[in-house]
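Everything below concerns the one structure shown next.
The values are calculated or read from the model by the stated rules, or taken from the named source; none is laboratory data. Note that the structure is predicted; figures quoted are calculated from it, not measured. Here Cβ is always computed from backbone atoms with ideal geometry, including for glycine, and neighbour counts include all displayed protein chains.
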Amino acid sequence: MSDSLAAQFEQIFQHSATGHVSAPGRVNLIGEFTDYNLGYVLPCALEFATEVMYSTRVDNRVIVHSANYPGESDSFDVSEPIEQGNCQWGNYIRAVCFVLKRQGLTLSGLNILISSNVPQGAGLSSSAALEVSVIGAFNEAFQLALTTQTIAQLGQAAENDFMHCQCGIMDQLISAQGQTNHALMIDCEDLSTTAVAMPEDLKLVIVNSNYPRKLVESEYNQRRIDCEQAAHKLGVDTLRHANLTQLNACQSTLTENEYKRAHHVITENQRVIDTVAALKSNNMPELTKLLAASHQSLKHDFEVTVPATDGLVEIISDALAGKGAVRMTGGGFGGAVVCLCRESEVAAVKKAVNQHYFKRFQLQADIFICQVGNGLTKHF
Ligand code: GLA
């Protein structure tokens, strides 16, 4: 892919790229909606990634093309105040420049060509891959000396303050710091990470529901507000510091939604810790139980699943009959489900999805057997 991208770069800009970086999408194994409550998450980077080729310019223009959207481009002057433009994907590059400048960093012009194979709208963090790879490109091009942690924080700020989605740090941090063949347990309070080896005989299957996601951002932001209000009423600065005893003692002061959101977050944090132990001992029955409990909690307490993702989880868990784990993954309201099973079960999962999903939901699912990839990488 990088040879043809280099050729495209030359064709567009009439000279060769001087730098090439990439950053991956991710799948979250467990720990959903816990990141902005400063709890635990357990994502892994995928081999799906966003590639960025670039060359510096003598002026202050940033010119961006995308191999995924031939004929579309964005261009802006990085020395002027940065505002939203008309190109939807171009706004992510503007968002990144906006936060880099706000940080007091000096930027000048860059020619950029982007190409991504991260499935979009699947809850696999195509936007974090874009933000992290583009910040990575500016970091290299202008020798900004940013650490991977700062790159992730700036990517999150770009999303929060320019794209107006109040996401947590998980997606950008795993995209910046992911390690091949490992999941990363992240403590979202101090951003420390623990690499957890994926057992060799564990297969990572991701099934995208292709359900058309709607109102994702407003619902997402509302969940965050519910959590913050619940924390406030519980007298803690974040739900990370609440437990079930406290929650139950305060139940009458919380609205029903606040109670349910907090119940999800508190129980989900514990499930992350338990999943790390289950992965270390390669304990499939335990993984199966934990992912199933996470899904039920996301369905009933956090209310971010849709019939299509609930249906996929049902279809797959019926096919696995206790021999593999499955749950929805990512920001919810559609997107993908993640399944952990042995090689011997993969065919049954595929068969069941192909047999039942379209019939029930009139949607075609995409099935990916994934490898765990690396985080942000500089190629040259
Ligand atoms: C999205 C956000 C993340 C996280 C997940 C849910 O992917 O970007 O910060 O909150 O949803 O776990």
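Before moving on, here are some points about what is shown:
- Members of segment 167-204 that are buried (at least 22 other Cβ atoms within 10 Å of the Cβ) and either more than 16 Å from the ligand (Cβ to nearest atom) or part of a strand (DSSP E or B) (or both): A183, L184, M185, I186
- In this structure, S79 qualifies as surrounded by fewer than 23 Cβ atoms within 10 Å (Cβ to Cβ), modelled with pLDDT of 95 or more and assigned by TED's automatic domain parsing to the domain that holds E10.
- Residues of segment 75-107 that are part of a loop (DSSP other than H, G, I, E, B), small (G, A, S) and in contact with a strand residue (DSSP E or B) (Cβ under 7 Å, 6 or more places away or on another chain): G85 alone.
- Residue within segment 215-232 that is within 17 Å of C44 (Cβ to Cβ) and more than 16 Å from the ligand (Cβ to nearest atom) present: no
- First in segment 163-183 and under 12 Å from R26 (Cβ atoms) and assigned by TED's automatic domain parsing to the domain that holds A137, second anywhere and more than 9 Å from the ligand (Cβ to nearest atom) and among the hydroxyl-bearing types (S, T, Y), Cβ under 6 Å, 6 or more apart: A176/T148; Q177/T148
The rows are residues; the columns are (1) in a helix (DSSP H, G or I); (2) of a type in the set (D, E, K, R); (3) in contact with a helix residue (DSSP H, G or I) (Cβ under 6 Å, 6 or more places away or on another chain); (4) within 16 Å of the ligand (Cβ to nearest atom).
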site: D318; (1), (2), (3), (4): yes, yes, no, no
site: M328; (1), (2), (3), (4): no, no, yes, yes
site: V337; (1), (2), (3), (4): no, no, yes, yes
site: K351; (1), (2), (3), (4): yes, yes, no, no
site: H356; (1), (2), (3), (4): yes, no, yes, no
site: R360; (1), (2), (3), (4): yes, yes, yes, no
site: I367; (1), (2), (3), (4): no, no, yes, no
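- Within segment 1-38, restricting attention to residues that are small (G, A, S) and within 16 Å of the ligand (Cβ to nearest atom), the residue that is nearest to G136 (Cα to Cα) is A23.
- Residue within segment 48-65 that is part of a strand (DSSP E or B), in contact (Cβ under 8 Å) with a residue 24 or more places away in the chain and within 16 Å of the ligand (Cβ to nearest atom) present: yes
- Test result for V41, among the β-branched types (V, I, T), within 16 Å of the ligand (Cβ to nearest atom) and either in contact with a Gly (Cβ under 9 Å, 6 or more places away or on another chain) or part of a helix (DSSP H, G or I) (or both): yes
- Restricting attention to segment 319-351, the residues that are small (G, A, S) and either in contact (Cβ under 8 Å) with a residue 60 or more places away in the chain or under 21 Å from G121 (Cα atoms) (or both) total 6.
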